[in-house]
1. For region 209-247, enumerate the residues that are within 20 Å of Lys135 (Cβ to Cβ) and surrounded by 14 or more Cβ atoms within 10 Å (Cβ to Cβ).
2. Can you give me the number of residues within region 122-138 that are surrounded by fewer than 13 Cβ atoms within 10 Å (Cβ to Cβ) and of a type in the set (Gly, Ala, Ser)?
3. Taking the stated definitions as given, is Asp194 assigned by TED's automatic domain parsing to the domain that holds Ile131, free of Cβ contacts under 8 Å to residues at least 24 places away in the same chain and either more than 19 Å from Phe92 (Cα to Cα) or of a type in the set (Ser, Thr, Tyr) (or both)?
4. Consider Gly78 carefully, then state whether it is touching a residue at least 60 places away in the same chain (Cβ under 8 Å), assigned to a helix (DSSP H, G or I) and small (Gly, Ala, Ser).
5. Can you work out which of the residues in region 1-13 that are surrounded by 10 or more Cβ atoms within 10 Å (Cβ to Cβ) and assigned to a helix (DSSP H, G or I) is modelled with the highest pLDDT?
6. Give the residues of region 221-245 that are closer than 18 Å to Val84 by Cβ and without any contact (Cβ under 8 Å) to a residue 12 or more places away in the chain, sorted by residue number.
7. Is there a residue in region 41-53 that is β-branched (Val, Ile, Thr), modelled with pLDDT of 75 or more, over 30 Å from Phe167 (Cα atoms) and surrounded by 10 or more Cβ atoms within 10 Å (Cβ to Cβ)?
8. Which one is farthest from the chain's Cα centre (by Cα), of the residues in region 139-155 that are of a type in the set (A, V, I, L, M) and surrounded by 13 or more Cβ atoms within 10 Å (Cβ to Cβ)?
Amino acid sequence: MKLSSWQVVLGVTLVAASAVTYLLQIAIFNKPGDTFFYMVQDLAFLPVQVLLVTVILNELFKRREKAAIQEKMNMVIGAFFSEVGLGLLQKFGEYDGRADEIKKAAVVKADWTDRDFSEAAGFIVAHEFGIDSTKGDLASLKEYLTGRREFLLRLLENPNLLEHESFTELLWAVFHLTEELAHRKDTTALPVTDYAHLSGDIKRVYALLLTQWLAYLKHLRDGYPFMYSLLLRTNPLDENAVPEVTK
C-alpha cells in the first residue's frame with residue numbers, strides 16, 4: 001500500500017512528538033528506568049489497542065456503513081416499484097395463465113409473519129408460470145417500458161447496486177425486456193418463435209419482480225408500517241384492495 005505525502009508527514013510528526021515527550025520526561029524527572037518501564041507497559045497494551053481499533057471498531061463501522069447503504073437501496077427499490085414495478089405486476093397478470101395461483105399464494109396481508117413471507121417466496125421460486133406473450137397487449141407494455149427507459153438507466157448508474165445483487169438482476173432483466181420490445185416495430189405480427197422468446201423474457205422479469213416485491217414489503221412491515229399499509233391497500237395482486245382505509 002502506497003502512503004500519500006500527508007500520511008508520511010503525519011507519521012513522522014507523531015513519532016517525533018512521542019520521542020520528544022519521553023526525552024522531556026527523562027530530563028525533568030531524571031528517572032530513565034521509570035520512563036522505560038512505562039514505555040514497555042504501553043507497548044504491551046499496543047496489540048490490544050490494534051485489536052480494538054482495526055478489528056472490532058472497524059467491523060462496527062463497516063456494519064453501520066452497510067446498513068446505511070442498504071437503507072438507501074431500499075429507498076431506490078421503493079422508487080422503482082412506484083415508477084415501474086407496480087405497473088408491471090398489474091400488466092404481467094394479463095400474460096399469466098396461472099395468475100390466480102400467484103394471487104392466492106402471494107397476496108400479502110397485514111398480519112403476515114416471517115414464515116408467511118418465507119413460504120410465499122418459496123412458492124414463487126418453485127412456481128411454473130404460465131406466461132404467454134400473445135395473451136396480453138405487448139404494444140401497451142412496450143410503451144410503458146420505453147417511456148421509463150431513462151428512469152431505469154438512472155437506477156442502473158447507482159453505485160450502491162453492488163450491495164444488492166438480486167435487485168440488480170431484476171433491473172437488468174427489466175431493461176433487457178424493454179430493449180427487446182423497443183426493437184420490434186409491430187408487436188401484433190411476430191413469428192411464433194419470437195412470441196415464445198418474449199414469453200421467456202416476461203417470465204424472467206415476473207419471477208424476479210415478485211420475489212423482490214415480497215422482500216420489499218417485508219422490509220416495510222418491519223420498519224415503515226405506514227408505507228406497508230398503503231402498499232397493501234394498493235397491491236396490484238389483490239383484486240379486493242382499495243386505497244381508502246376501511247377498518
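The values are calculated or read from the model by the stated rules, or taken from the named source; none is laboratory data. Since we're looking at a predicted model, the values are computed, not measured. Reconstructed Cβ throughout: ideal geometry from the backbone, glycine too, with neighbour counts over all protein chains shown.
1. Residues satisfying the conditions are Leu209, Leu210, Pro236, Leu237.
2. Looking only at that region, the number is 2.
3. No: the conditions fail for Asp194.
4. Working: touching a residue at least 60 places away in the same chain (Cβ under 8 Å): yes; assigned to a helix (DSSP H, G or I): yes; small (Gly, Ala, Ser): yes.
Taking the combined requirement at face value, the residue satisfies it.
5. Per the stated criteria, the residue is Thr13.
6. none
7. Looking for residues that are β-branched (Val, Ile, Thr), modelled with pLDDT of 75 or more, over 30 Å from Phe167 (Cα atoms) and surrounded by 10 or more Cβ atoms within 10 Å (Cβ to Cβ), one finds none in region 41-53, hence no.
8. Across region 139-155, the extreme among qualifying residues is Ala139.
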